[in-house]
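Here is the structure we will look at, set down as structure tokens.
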Amino acid sequence: MDALVVVDVQSAFVTGDGAVPAADRLVDRTADLIARARREGAFIAHLQNDGPPGAEDEPHTPGWELHHPVEPGPAEVVIRKPHDDGFQETRLEAVLTDAGIRAIAVCGVMSEMCVQATARTALALGYRVVVPHDAHATQDIPAAPGIGGAVPAATVSRVAAYALGSDAETTVTAAGVAFTAPRRPSAPPPRRTAP
């Protein structure tokens with residue numbers, strides 16, 4: 001992988017009462033991915049969700065802050081986003097293209113929302129996409145009368161990754177992701193039209 005996209009690993013989602021189940025494991029996995037990506041010279045994009053007023057990730061509140069320290073520079077950026085999809089109305093596609101990225105690993109929260117939406121668009125844009133199964137997480141889905149019982153977060157995460165289809169690599173572990181520095185191609189990655 002020549003890039004790592006860290007989706008919404010913000011304080012509100014990995015610390016305190018609002019943390020995803022097994023947040024400590026997620027933080028360990030994402031920290032390891034970031035450290036190895038830096039060491040190998042891979043590009044890193046930290047996505048930061050801008051929640052609506054009153055939300056736990058409302059901009060400039062403690063919950064909105066990124067959990068992992070960022071080392072800003074030409075190979076590590078923070079991209080704020082207003083939607084689940086990290087590409088929608090952001091500069092993510094432009095910075096990946098400028099950096100010559102062809103393959104990305106996607107990790108973070110929430111599996112069935114922002115992680116899946118970002119990975120799905122990356123696939124549609126022609127990137128090779130790896131979503132390490134132990135490096136994304138979400139909340140339990142509560143029981144809903146007349147619909148069904150509670151769904152554990154681990155099941156939600158697995159289904160979210162599985163729903164990406166066979167084009168995404170979702171069975172690799174975080175430890176199994178190998179990083180390399182991007183090589184500037186003479187042409188952008190092949191583009192596919194979203195269905």
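A short reminder: the numbers here are calculations on the coordinates, not readings from a lab. Predicted model only: the values in this text are computed from it and were never measured. Positions of Cβ are backbone-derived with ideal geometry, glycine not excepted, and every protein chain shown enters the neighbour counts.
Share of antiparallel DSSP beta bridges in the chain, in percent to the nearest 5?
Values: 4 of 26 bridges.
Close to 15 percent.
Quick one: 3J(HN,Hα) in Hz for the stretch 98-114, Karplus 6.51/-1.76/1.60 with θ = phi - 60°, rounded, Gly and Pro as x.
Couplings: 4, 7, x, 6, 10, 9, 10, 9, 10, 9, x, 9, 8, 3, 8, 10, 5 Hz.
Is the shape of the chain best called rounded, prolate or oblate, per the rule: a/c under 1.5 gives rounded, else a/b larger than b/c gives prolate, else oblate, with a ≥ b ≥ c the square roots of the Cα gyration tensor eigenvalues?
Cα axes put the chain in the prolate bin.
In whole angstrom, how far apart do the alpha carbon centroids of the stretch 31-103 and the stretch 130-186 sit?
Measuring centre to centre over Cα atoms gives 18 Å.
Could you give the nm distance between label points at E56 and D28, where each point is 7 Å from its Cα heading toward the beta carbon?
Label-label distance for E56 and D28, simple model: 2.2 nm.
At a Förster radius of 45 Å, what calculated FRET efficiency corresponds to the Cβ-Cβ distance of T97 and V151, to the nearest 0.05?
On the way: r = 37 Å, r/R0 = 0.82.
For R0 = 45 Å, the calculated efficiency reads 0.75.
Starting from the Cα of Q88, move 7 Å in the Cα-to-Cβ direction to define the label point; list residues of the stretch 142-162 whose amide nitrogen is under 18 Å from there.
Within reach of a label on Q88, which here means backbone N under 18 Å from a point 7 Å along Cα→Cβ, the stretch 142-162 contributes 160-161.
Using helices alone, what [θ] at 222 nm do you get for the chain, with -39,500 (n - 2.57) per DSSP H run of 4 or more residues, divided over all residues and rounded to the nearest 500? Walk me through the numbers on the way to the answer.
Working: 5 runs with 48 residues, N = 195.
The helix-only estimate for the chain comes to -7000 deg cm²/dmol at 222 nm.
Considering the options P53, M110, G73, tell which one lies farthest towards the positive end of the dipole of the chain, charges being +1 on Lys and Arg and -1 on Asp and Glu at the Cβ, about the Cα centre.
The residue sitting farthest along the positive end of the dipole is G73.
Give, in nm to one decimal, the length gained when the segment between V78 and S166 is fully stretched (0.36 nm per residue of separation minus the Cα-Cα distance). Write down the numbers at each step before the final one.
Details: separation 88, 0.36 × 88 = 31.68 nm, distance 2.92 nm.
Stretched out fully, the V78 to S166 stretch lengthens by 28.8 nm.
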